[in-house]
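A quick write-up on the structure given underneath.
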Amino acid sequence: MRFRKPETLAMAATPKARTEKESTTAESRLRNQKRGNRAVDESELLTVPDGWKEPPFTKDDNPRGLLEESSFATLFPKYREAYLKECWPLVQKALHEHHINATLDLIEGSMTVCTTKKTFDPYIIIKARDLIKLLARSVPFEQAIRILGDDTACDIIKIGSLVRNKERFVKRRQRLIGPKGSTLKALELLTNCYIMVQGNTVSALGPFNGLKEVRKVVLDTMKNIHPIYNIKTLMIKRELSKDSELRSQDWERFLPQFKHKNLNKRKEPKKKTIKKEYTPFPPPQPESRIDKELASGEYFLKESQKKQQRMEQIKAKQAEAVSKRQVERNKAFIPPKEKPVMKPKKASAETKIDIAALKEKVKKAKTKKLGALTTEEVKLKVEADEKRQKKKKK
């Protein structure tokens, strides 16, 4: 809504018959005020203070109500019939608080909302229309009822006609949802919107700024731009908006620039068709069988001679096949090549065993019984026993 400034309202209230002096003073005031407004920073005028909310529309704002009845209807698919039948009493109760009548026609498969004499809010019928649209697009009642609030809007994005190929469309739609719905969940957290992908449409519900971002991401995904790029951008924007100094500045230097990767080498076809040079003359006529026989001289032979030649050709082919088969059979009888026998190397003088050292080791092992103490350990034990006996005598 546009609000008039107090000076302009005062001017509107004055009578038409004015003196020239009064008009000149009013014009000079307006000029001075415009100059003062230019001096104010534009960023302060554009920004909305934190925590500001538009006051709710009450009956005092429109006590006389609406002049005419307005109504909207929408169709719903057959598979939604059971759910709508179950939750319809809750829909009627929620709309009755705003003085809106709602009817469900299961025969035609349609939902209708219309205003009553008690309806005072002119925009509530648009909200009710959006509510039944969301319910028809498989949005659950708990989420769809939020549309009746002033700070919530909805957007139904049609994606069915954006991609012609059916398989490609399904792949890109699945890319938007992500593995186990992770991409969609990340998008919901960043935009504060509820998103529902169903069939050929994407239903989004939330604040206006979030809906704008959701539409951009959905359309980019259908244009083969991966949603992770837009999610990264949204995460950076979210962090930048927390800083009060950066809020009024340009964010282009902080946002990542994703370049399209063009393949240098184009995939070559398996079968290449080489174009022949264009000639106005037709190709030469191929030789017939008779022409070939005339060239070879076979045409002038008798039938018995021709038959003999054919038999000779067949026998030659058979002999060649037999020889090939015999070579393959003989391969099994050819012995494999054996490795040459390596002679054992003579033991060098350095690696000879020291027999004297070995004999001493054996003697020590014989004197020492299994579990017996060494000579040093025996001496220490005897000394310790003598000390104990002396202490006892004292």
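General observations
- Here the stretch 113-133 is the region considered, the condition is being touching a Ser or Thr at 6+ places or on another chain (Cβ under 6 Å) and open to solvent by less than 40 Å² (accessible area, probe 1.4 Å), and the residue that is farthest from Thr201 (Cα to Cα) is Thr115.
- Number of the exception - Cys87 against (1) surrounded by fewer than 10 Cβ atoms within 10 Å (Cβ to Cβ); (2) assigned to a helix (DSSP H, G or I): (1)
- Test for Arg215: is it touching a residue at least 60 places away in the same chain (Cβ under 8 Å), closer than 22 Å to Leu135 by Cβ and part of a helix (DSSP H, G or I): yes
- When Lys369 is tested against (1) modelled with pLDDT of 80 or more; (2) open to solvent by 100 Å² or more (accessible area, probe 1.4 Å), just one condition goes unmet, and that condition is (1).
- Taken residue by residue, the stretch 149-158 has no member that is among the basic types (Lys, Arg) and in a helix (DSSP H, G or I).
This table checks each residue for (1) free of Cβ contacts under 8 Å to residues at least 60 places away in the same chain; (2) touching a Cys at 6+ places or on another chain (Cβ under 7 Å); (3) open to solvent by 90 Å² or more (accessible area, probe 1.4 Å); (4) part of a helix (DSSP H, G or I).
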residue: Glu268; (1), (2), (3), (4): yes, no, yes, no
residue: Thr273; (1), (2), (3), (4): yes, no, yes, no
residue: Phe281; (1), (2), (3), (4): yes, no, yes, no
residue: Asp291; (1), (2), (3), (4): yes, no, no, yes
residue: Lys315; (1), (2), (3), (4): yes, no, yes, yes
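- Among the residues listed as Arg146, Arg172, Arg164, the single one being open to solvent by 50 Å² or more (accessible area, probe 1.4 Å) and assigned to a helix (DSSP H, G or I): Arg146
- Scanning the stretch 175-188 for residues that are of a type outside the set (Asp, Glu) and either crowded, with 17+ Cβ neighbours inside 10 Å or in a helix (DSSP H, G or I) (or both) returns Arg175, Leu176, Ile177, Pro179, Lys180, Gly181, Ser182, Thr183, Leu184, Lys185, Ala186, Leu187.
- Every pair of residues 6+ apart whose Cβ atoms lie under 6 Å, when the first sits in the stretch 186-206 and is under 19 Å from Asn230 (Cβ atoms) while the second is assigned to a strand (DSSP E or B) and of a type in the set (D, E, K, R): Ala204/Asp155
The values are calculated or read from the model by the stated rules, or taken from the named source; none is laboratory data. All of these numbers come straight from a predicted model, not from anything done at the bench. Backbone-built Cβ (ideal geometry, glycine too); neighbour counts: all protein chains shown. Only protein heavy atoms, including side chains, enter the accessible area calculation; ligands, DNA and RNA are left aside. Shrake-Rupley method; radii C 1.70, N 1.55, O 1.52, S 1.80 Å.
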